[in-house]
Amino acid sequence: MTQWVYSFGDGKAEGRADMKNLLGGKGANLAEMSNLGLPVPPGFTITTEVCTYFYKHGETYPAELEKAVDAALAEVGRLGGGTLGDPAKPLLVSVRSGARVSMPGMMDTVLNLGLNPETVEGLARLTGNPRFAYDSYRRFVHMYSNVVLELEHSIFEEILESEKETKGIDLDTDLEAEDLKRIAELYKTEVNKRLGKPFPDDVKKQLWGAIGAVFGSWKSHRAQTYRKLHHIPEDWGTAVNVQAMVFGNRGDTSATGVAFTRDPATGEKVLFGEFLVNAQGEDVVAGIRTPQPISKIVRERSGAKKPSMEEAMPQSYAELKRIAERLEAHYRDMQDVEFTVQDGKLFMLQTRSGKRTAESALKIAVDMVREGLIDKETAVARVDPQALDQLLHPTLDPNAPKECIATGLAASPGAATGEIVFNAEEAEKLAADGKAVILVRVETSPEDIHGMHAAKGILTARGGMTSHAAVVARGMGRPCVSGAGMLKIDAKLGTLTVGATTLKRGDILTIDGATGQVFKGRVPMRQPELTGDFSTLMGWADQIRTLRVRANADTPDDAATARRFGAEGIGLCRTEHMFFEADRIVAVRQMILADALEDRQAALAKLLPMQRHDFEAIFKAMEGLPVTIRLLDPPLHEFLPQKDEEIAEVARAAGTDPAKLRARAIALHESNPMLGHRGCRLGITFPEIYEMQARAIFEAAANVEVAGGRLVALEIMIPLVGFKTELDTLKTRIDAVAEALRKEGKKTPPYIVGTMIELPRAALRAGEIAQTAEFFSFGTNDLTQTTLGVSRDDAGTFLTEYLARGLIPRDPFVTIDRDGVGELVKIASQRGRSTRAKLKLGICGEHGGDPDSIRFCHEAGLDYVSCSPFRVPVARLAAAQAALTKAVDGD
């Protein structure tokens, strides 16, 4: 019989840490902490298999589940000294989600379950603390009504705030027992009024309502959005954890908090986190009250006035520190723990690998190798390649003038500038229009996930370092300043006020997540320094990987950036980008307009020295590393103006009749340019274009070699080949240019000629094409378009729907379509190398910077990937992880 429920507590558990697929991350780690003998309140986990069953069987449960839950609940009561629903000794439980991987704030939680009019009085008598009992009750009614009964959170907040205002107090902790009892009754009255039925007092109904809500939250909009962003499969499901409550809201000797075994922003080895006295866990995470630092050193650095946990509760702090060190050593990773202190006794409620910034991930990985906790391979495997983006973009220029208007908590490092927006929907809309935005909120909630992802940065008035905004921003790599309490934010009016300064929706704001500062207007940025831990880890990655990494670079500046980031050559230099420069577009247009070959050659002669100069600068920047140059690819009409006023202006500059220019533009117009007169087809119909480019390349290479004594590793690429005859024809022309230069007494450097595989026919006929081609570079942008019959420019209108409905797992223009495009890559690789054993294979589409696609390239036996310069470190690390993964898979 299937075991649907696994118990834990009293120093033992039925589960283990390696059972995350079944028990979820939270349940597996609760079991592991119990087995380690740590102080964990007893409880049980309903497995992820129940979630799968729940959705496959019309949101119903297995027949045996209720009996298993009753038995597990009885054991919790035995260990906890109470019974659910018993007024004399009431047992209260929490009901929490727990997916395989951490999804902070995305799914639902219910605390203090088991309270009703009878048990709340019993709890007051049992503890001798009516205030605590009714505080727990009003929290339960609020949370249950929101999570299970689906009433808006704000309904209850407004009642609470109104009662506090009536009493003239600011803090929840200033409310007395009678106040809290009245508030709970007001909540229940509101529920009855809005739903037409009373709040449930039956504790069994409460329990199953909460269990159903947690399973239901797996399909909530925010959870689905989070899974899409982090590529978490829909069918994994969540577990449900039911656990005896321990209470941080029993007075001044009780507290609750969240701690990281190292600083998640910097990686420093210091117990980092926040706690609240006389509170429950949701108060810390939701940012309702501004918490206090755990460690004294962190409090002193932040300038916080209230005492740290280390100072206020030294015994509990010392035990927490000891347990944190033990957990980190056990899991061999930085841990994120949740805890409660009840009447001076510490309880552990959760541990998991903590989310961290890229800077922190690098430092922790490198430090743990030095500390002997992990080896270099584990360190390389542990850092998310995509997270390196956080380190590869500019930060604020420290010397630039700035107008700081506010300071909050440095919740997630990095800097961002953008237009102010006040809600997630607006952030997503403006970002889709190409605008940079800063999402400004009083506090974020899980429903804001899509806007947080769309924004360049996040700013909140409330919340601490472990609030929802901070944790999610760090995981996404978004700069975040939280808890900037001096800000007055009115989302309805669309204003942000601090002192005498008022900013409106659309005004420019800059935030620095490394310092917590907020600046009015735009602040200049500067380039990052890629040294220290970054350099160390990347060095280890380079030792491990076998896949080479090149860059797509069209200018000397791109080439220099690529080298700085560790590129081992250029995998794609697009020559057409050089044609659009202001000083050469006139000559390009003259060439296009020319009726006679002589006129076309005259225009090309003007372009020759310009192209040669560009290539020389690129060759110098690459210092002898291989450079793959793609000859002209786009159709000629792209270089011509389209509007009448532009046509007239160009005609004047070119000394020609506007009517002639307009007629030429019409003649060159194509219904489907992507499949039209472009690529090698241009070179065949206008061979003088490719001949000019070949001469410019050869002369530049010879000049650089003569100037510095360095050999240029030259690779000339013919685009859009579908037939071997096309490549034969153009290679003959290129070779003829080289021969002509030799006859002129000019030195011709060594070179190879290859092709870009971007048509299915080329992939299928690769064995034949490889008779001529000395290398293949897979242009997967176009290969994806031609294989799927989908235009990348137009795909957004329907691919989003495909992804939302699960028709395809990933955007094929982001991650390579393994079964279709990937299969063609494999076929071309195998057939090409069957003809030419040492055929060089690379990829130069956008997929070259995507870690999942890089793993595919490693598995397919390619020699290198090529990506944008800023993605080079991402590709280097992903290539190393692909090598490690393949090694593990092969064991």
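The values are calculated or read from the model by the stated rules, or taken from the named source; none is laboratory data. The structure displayed is predicted, hence computed values, not measured ones. Glycine also receives a Cβ, built like all others from the backbone with ideal geometry; neighbour counts cover every protein chain displayed. When the accessible area is computed, the model is the full protein with side chains, heavy atoms only, and any ligands, DNA or RNA have been set aside. Shrake-Rupley method; radii C 1.70, N 1.55, O 1.52, S 1.80 Å.
In the assembled protein chains, His57 presents an accessible area of approximately 90 Å² (probe radius 1.4 Å).
When the chain is described by a simple charge dipole with +1 on each Lys and Arg Cβ and -1 on each Asp and Glu Cβ, the residue from Ser353, Gly848, Gly806 located farthest towards its positive end is Gly848. Of Thr510, Thr732, Thr497, the order by accessible heavy-atom surface (1.4 Å probe, DNA, RNA and ligands excluded), from most exposed downward, is Thr732, Thr497, Thr510. Remark on the range 600-664: ratio of C-alpha radius of gyration to 2.2 N^0.38 Å is 1.53.
How would you classify the range 1-98 from its alpha-carbon gyration tensor, with a ≥ b ≥ c the square roots of the eigenvalues: rounded for a/c under 1.5, else prolate if a/b is greater than b/c, otherwise oblate? Taking the square roots of the gyration eigenvalues as a ≥ b ≥ c, the range 1-98 is oblate.
Based on C-alpha pairs under 8 angstrom that are at least 6 apart in sequence, the chain has a relative contact order of 9 percent. Solvent-accessible area of Tyr751, all protein chains in place: 50 Å² (probe radius 1.4 Å, heavy atoms, ligands and nucleic acids excluded).
Can you grab the distance from the C-alpha centre of the range 414-453 to the C-alpha centre of the range 134-166, Å, no decimals? Answer, in whole Å: 28.
Lys724: which lysines have alpha carbons under 28 Å from its alpha carbon, excluding same-chain residues fewer than 8 sequence positions away? Reachable lysines: Lys826, Lys838, Lys840. The local environment of Gly708, defined by Cβ-Cβ distances under 9 Å, has a net charge of 0 under the rule Lys, Arg +1 and Asp, Glu -1.
By DSSP, the beta bridges lying fully in the chain are antiparallel in about 65 percent of cases.
About its Cα centre, the dipole of the range 1-132 is roughly 340 debye, where the only charges are +1 on Lys and Arg Cβ and -1 on Asp and Glu Cβ.
A 1.4 Å probe over all protein chains sorts Glu178, Glu744 by accessible area into Glu178, Glu744, starting with the largest. For the chain, the pair-distance distribution built from all alpha carbon pairs, in bins 20 Å wide starting at 0, is 13, 39, 30, 14, 3, 0 percent.
Accessible area per residue was computed with a 1.4 Å probe on protein heavy atoms; Asp343 scores about 80 Å². Note on exposure: Thr502, Thr127 ranked by accessible area (1.4 Å probe, complete protein assembly) read Thr502, Thr127, with the most exposed listed first.
Each peptide in 540-547, 139-146 gets a packing score, the mean of other Cβ atoms within 10 Å over its residues, and the list from highest to lowest is 139-146, 540-547.
Assuming charge only on the beta carbon of Lys and Arg (+1) and of Asp and Glu (-1), the dipole of the range 240-355 about its Cα centre is about 140 debye to the nearest 20. Ordering Val191, Ala424, Gly679 by the projection of their Cα atoms onto the charge dipole of the chain, which places +1 on the Cβ of Lys and Arg and -1 on the Cβ of Asp and Glu, puts Gly679 at the extreme positive end. Could you sort out which of Lys269/Lys355; Lys305/Lys363; Lys181/Lys492 sit more than 21 Å apart by Cα distance in this structure? Long pairs (Cα-Cα over 21 Å): Lys305/Lys363; Lys181/Lys492.
Adding -39500 (n - 2.57) for every DSSP H run of four residues or longer, then dividing by how many residues the chain holds, sets the calculated 222 nm ellipticity at -14000 deg cm²/dmol. Ignoring any ligand, DNA or RNA, what whole percent of the accessible area of the chain comes from carbon and sulfur when the probe is 1.4 angstrom? Looking at the chain in its full context, I get 50 percent from C and S.
Indicate the gyration tensor shape class of the range 126-170 (rounded, prolate or oblate), computed on the Cα atoms with a ≥ b ≥ c the square roots of the eigenvalues: a/c under 1.5 is rounded; otherwise a/b larger than b/c is prolate and the rest oblate. Oblate, since a/c reaches 1.5 and b/c is not below a/b.
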